[in-house]
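The values are calculated or read from the model by the stated rules, or taken from the named source; none is laboratory data. Predicted model only: the values in this text are computed from it and were never measured. For neighbour counting, all protein chains shown are included, and Cβ atoms are generated from backbone atoms with ideal geometry for every residue, glycine included.
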Amino acid sequence: MLRTFKVEKFHASIIPESTLFKVLKYLDKEVIETPFLLIDSEMIKEKVSMIGRHIRNSKIFYAVKANPDIEILKFLNELNLGFEISSEGELEILSSLGVEPERIISSNPVKSLKFLKMAAKYGIHFFSYDSVDEVDKLTKVVPHCNVYVRLSVPNEGSEWPLSKKFGVELDEAATLLTYAKDKGLNPVGITFHVGSQCTNVYNWNIALDKAKALWELAERNKIKLTLLNIGGGYPIKYTKNVVSIETIEKNVNNLIYDKFPKNIEIHIEPGRAVVGEAGIFVATVIGKAQRSDEEWLYIDIGVFNGLMESVGGIKYSYIVESYKHTKYKKRYTIAGPSCDSFDVIDKNVTLPEPDTGNLILILSSGAYTVSYASEFNGFSIPKTILIQRKGKR
Amino acid sequence: MIKFFEKAPYAPVEYSYDVEEILYKEKSKFQEIIVIKNPHFGKMLILDDVVQLTERDEFFYHEMLTHVIMHAHPHPKKVIVIGGGDGGTVREVLKHKNVEKIYFVEIDEEVINVSKKFFPTVSYGIDDPRVEIKIMDGAEFILKKKSADIDAVIVDSTDIIGFARSLYTTDFFTTLRDCLTDEGMFVTHSESFHFHMDMVIEIQETLKKVFPVVDLYTAPIATYPGNWWSFSCASKKYGCREIRRIPEIETKFYDSEIHLQSFVPERLYEKLLNKTLKW
């Protein structure tokens with residue numbers, strides 16, 4: 001069945017034509033049971049090739065939490081990417097794929113003992129920390145491991161700020177580096193996180209200034225650092241264009257070159273930037289209603305089974321299947337399928353009118369969607385399907 | 001003078017045309033069909049707000065879509081034209097004297113009717129006795145075709161992202177290959193080399209899964225966004241760059257020299273498929 005989707009000009013800046021083409025082809029020929037997340041593997045490959053390209057001496061560690069789907073991890077493993085993990089669950093998947101321990105790091109500053117034991121046994125030896133307690137745990141479970149301290153930096157301008165939960169200020173960070181050394185660990189560097197979906201380029205400037213100050217403090221304390229982990233935070237296109245990876249990286253690279261020793265090693269932990277734009281959620285309109293002046297559209301994916309980040313302020317772009325003329329658009333409130341009144345994804349979205357049963361595509365939804373999904377109210381967790389190039393390469 | 005603004009969602013430019021007169025504007029079962037008159041281009045055929053052809057420059061597209069594989073093939077007799085309801089491609093195929101049969105498969109009969117009425121210089125070949133008109137989906141026609149006796153298939157579709165996308169799938173290319181003779185060839189337009197390189201690659205790679213020989217050539221089309229328009233051709237045996245029959249037909253743009261130089265140079269082609277071309 002050939003479906004008609006209303007593709008508009010602004011969609012072109014969010015999703016490349018070839019990706020949309022692949023998605024639509026997929027939707028034409030398959031029996032559709034929504035909701036599910038379609039991933040364009042070619043786009044992941046392209047994103048991976050872009051990240052780290054402009055930062056000297058850098059290594060990429062994919063933040064598995066963004067989307068831990070086994071097929072995606074397999075694909076990234078074939079691209080020889082590193083992985084950043086936080087839990088025994090994530091380690092289990094990587095272990096099932098045979099990922100070498102050298103390609104795994106953990107940047108969660110507070111890790112469970114259970115995870116640490118498993119990580120130690122596996123041979124992982126890069127861990128972040130930001131407390132005395134964490135050093136004590138690491139000393140016991142992974143003696144002599146490499147550690148990097150989490151510095152708190154401003155998160156203004158990032159749509160998903162994280163800084164308050166983790167990170168310490170300069171003096172405490174310096175003390176923690178010394179403390180780790182005294183305990184027999186190997187303090188190798190510094191990490192920070194500017195916040196996820198960070199559209200403010202200057203956050204990296206401030207963060208690197210602060211990291212530089214800590215680097216010097218550590219040197220004064222006779223600790224020679226070699227590693228700077230710049231976290232993630234590269235933004236993706238949801239409803240509008242964002243500053244490019246290239247622009248961010250060229251800026252970051254220049255700053256690092258100016259402020260730090262020349263042979264410094266850089267770790268980058270992108271998650272959203274790797275899988276976000278490659279993912280398109282396919283959902284079905286399950287009902288429509290007019291409530292006073294508001295037009296409501298109910299779809300089979302919501303806050304609880306995939307679009308949790310909409311609550312935190314992420315706004316998506318939609319392409320609807322519709323058989324009405326594009327001229328007649330309506331302004332909708334889009335809600336998920338559950339009975340919870342909290343389950344509202346978006347408001348004031350202007351769309352061509354779909355019918356109940358029509359599909360709705362949610363663009364740039366590959367990251368932090370399925371990984372957040374629960375089975376609340378009996379709605380199952382959506383599947384992830386990779387569109388891969390079959391046959392000859 | 002009022003203006004018509006083209007709405008091609010994936011074009012980063014927006015072309016507009018002076019409208020002297022709106023000659024036709026109706027919705028068919030599949031799309032909105034508009035015919036306008038422009039001072040420079042003459043009559044223009046517009047489907048779903050995208051310009052398909054103009055009286056003045058349609059020959060660039062129709063000649064280049066048709067004659068390259070028709071001359072690369074040693075003796076094309078049976079041809080399928082899918083889409084191209086305006087008749088321009090059929091007209092070009094009919095110029096080849098050895099052609100015995102054309103299956104002309106168009107999904108939207110209204111386009112044929114409109115073209116007959118407003119574009120007689122484009123559509124006059126449609127009523128030729130060698131042409132058999134089939135009003136249906138091209139993918140379905142190919143699927144139902146059981147014998148492998150076709151020498152050439154030419155796809156002349158609207159925008160790929162729209163309802164023409166069934167003509168760009170692996171399944172379609174596979175069934176199409178199976179209705180071709182061992183020397184059979186295929187060609188389709190594949191969007192702007194300048195603006196839609198990702199689509200050119202996608203189509204090339206899909207074709208490569210099905211055909212042993214796949215190639216790419218381009219032609220200048222002033223009224224298609226990006227202008228530098230690409231054509232993807234495929235073949236079961238022969239290369240498409242070589243001319244196997246001396247061109248004896250009357251054309252305005254195509255000739256043997258154009259044929260040879262229209263193909264994407266090998267180094268550029270390699271870079272394209274390696275995805276190292278970025279602009």
Filtering segment B:236-279 down to residues that are within 19 Å of B:E92 (Cβ to Cβ) and small (G, A, S), which residue is farthest from the other protein chains (Cβ to nearest Cβ)? B:S256
Scan of segment A:348-385 for residues that are assigned to a strand (DSSP E or B), out of contact with any Lys or Arg (no Cβ under 9 Å at 6 or more places or on another chain) and not polar (S, T, N, Q), ordered by number: A:I360, A:L361, A:I362, A:K383, A:I385
Within the set of pairs 6 or more residues apart or between chains, which connect a residue that is more than 7 Å from chain B (Cβ to nearest Cβ) inside segment A:8-19 to a residue that is not in a loop (DSSP other than H, G, I, E, B) with Cβ atoms less than 6 Å apart? A:T19/A:D40; A:T19/A:M43
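Okay, residues lined up against (1) touching a residue at least 40 places away in the same chain (Cβ under 8 Å); (2) among the aromatic types (F, W, Y); (3) in contact with a Ser or Thr (Cβ under 6 Å, 6 or more places away or on another chain):
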{"residue": "A:K240", "(1), (2), (3)": "yes, no, no"}
{"residue": "A:S244", "(1), (2), (3)": "no, no, no"}
{"residue": "A:T247", "(1), (2), (3)": "yes, no, no"}
{"residue": "A:K262", "(1), (2), (3)": "no, no, no"}
{"residue": "A:A273", "(1), (2), (3)": "yes, no, no"}
{"residue": "A:V282", "(1), (2), (3)": "yes, no, yes"}
Failed item, numbered, when B:V214 is tested on (1) touching a residue at least 24 places away in the same chain (Cβ under 8 Å); (2) part of a strand (DSSP E or B); (3) touching a Lys or Arg at 6+ places or on another chain (Cβ under 9 Å); (4) hydrophobic (A, V, I, L, M, F, W, C): (1)
Would you say A:K329 is free of Cβ contacts under 8 Å to residues at least 60 places away in the same chain and touching a Pro at 6+ places or on another chain (Cβ under 7 Å)? yes
For segment B:1-92, which fully contained strands (runs of 3 or more DSSP E) count at least 2 residues that are free of Cβ contacts under 8 Å to residues at least 24 places away in the same chain? B:2-5, B:16-19, B:21-27, B:32-38
What's the total number of residues in segment A:52-67 that are surrounded by fewer than 21 Cβ atoms within 10 Å (Cβ to Cβ) and either closer than 26 Å to A:S380 by Cα or within 13 Å of the chain's Cα centre (by Cα) (or both)? 1
Kindly check whether there is at least one residue in segment A:298-306 that is part of a helix (DSSP H, G or I), small (G, A, S) and modelled with pLDDT of 95 or more. no
Against the definition (buried (at least 20 other Cβ atoms within 10 Å of the Cβ), away from chain B (no Cβ under 14 Å), charged (D, E, K, R) and touching a residue at least 40 places away in the same chain (Cβ under 8 Å)), how does A:E71 come out, yes or no? no
Residue by residue through segment B:112-143, note down the ones that are assigned to a helix (DSSP H, G or I) and within 19 Å of B:Y168 (Cβ to Cβ). B:G138, B:A139, B:E140, B:F141, B:I142, B:L143
Those residues of segment B:225-279 which are modelled with pLDDT under 95, surrounded by 18 or more Cβ atoms within 10 Å (Cβ to Cβ) and in contact with a helix residue (DSSP H, G or I) (Cβ under 9 Å, 6 or more places away or on another chain) amount to B:P247
Among (1) at the interface with chain A (Cβ under 9 Å from one of its Cβ atoms); (2) of a type in the set (D, E); (3) buried (at least 19 other Cβ atoms within 10 Å of the Cβ), there is one condition B:E205 misses while meeting the rest; what is its number? (3)
Index of the failed condition, A:N80 passing every other in (1) under 21 Å from the mean Cα position of the chain (by Cα); (2) of a type in the set (S, T, N, Q); (3) within 13 Å of chain B (Cβ to nearest Cβ): (3)
Restricting to segment A:1-19, and then to whatever is under 26 Å from the mean Cα position of the chain (by Cα) and more than 13 Å from A:S317 (Cα to Cα), can you tell me which residue is surrounded by the fewest Cβ atoms within 10 Å (Cβ to Cβ)? A:P16
Residue identified as surrounded by 14 or more Cβ atoms within 10 Å (Cβ to Cβ), under 25 Å from B:K29 (Cβ atoms) and of a type outside the set (V, I, T) among A:K315, A:K329: A:K329
Here is a check on your reading of the model: is A:V194 farther than 22 Å from A:S112 by Cα, touching a residue at least 12 places away in the same chain (Cβ under 8 Å), surrounded by fewer than 21 Cβ atoms within 10 Å (Cβ to Cβ) and under 20 Å from the mean Cα position of the chain (by Cα)? no
List the number of the failed condition for A:K181; all other conditions in (1) buried (at least 17 other Cβ atoms within 10 Å of the Cβ); (2) free of Cβ contacts under 8 Å to residues at least 40 places away in the same chain hold. (2)
Single residue of segment B:155-190 satisfying the filter (more than 16 Å from the chain's Cα centre (by Cα) and either more than 14 Å from chain A (Cβ to nearest Cβ) or in a strand (DSSP E or B) (or both)) that is nearest to A:Q388 (Cα to Cα): B:D178
Against the definition (crowded, with 24+ Cβ neighbours inside 10 Å, touching a Gly at 6+ places or on another chain (Cβ under 6 Å) and on the phi < 0 side of the Ramachandran plot), how does B:V90 come out, yes or no? yes
Just to be sure before I move on: is B:T218 surrounded by 18 or more Cβ atoms within 10 Å (Cβ to Cβ) and farther than 21 Å from A:F21 by Cα in the structure I sent? yes
Of the residues in segment A:20-42 that are part of a helix (DSSP H, G or I) and in contact with a Lys or Arg (Cβ under 9 Å, 6 or more places away or on another chain), the one that is farthest from the other protein chains (Cβ to nearest Cβ) is A:S41
Take segment A:235-252 and flag every residue that is buried (at least 17 other Cβ atoms within 10 Å of the Cβ), farther than 24 Å from A:D346 by Cα and not aliphatic (A, V, I, L, M). A:E249, A:N251
Within segment B:20-38, considering residues that are surrounded by fewer than 16 Cβ atoms within 10 Å (Cβ to Cβ) and basic (K, R), the one farthest from A:L2 (Cα to Cα): B:K25
Pick from segment B:1-12 the residues that are surrounded by 12 or more Cβ atoms within 10 Å (Cβ to Cβ) and within 14 Å of chain A (Cβ to nearest Cβ): which of them is modelled with the highest pLDDT? B:E6
Quick check, is B:K101 modelled with pLDDT under 95 and more than 14 Å from every other protein chain (Cβ to nearest Cβ)? no
Inspect all residues belonging to segment A:157-164 and state whether any of them is closer than 28 Å to A:N263 by Cβ and of a type in the set (D, E). no
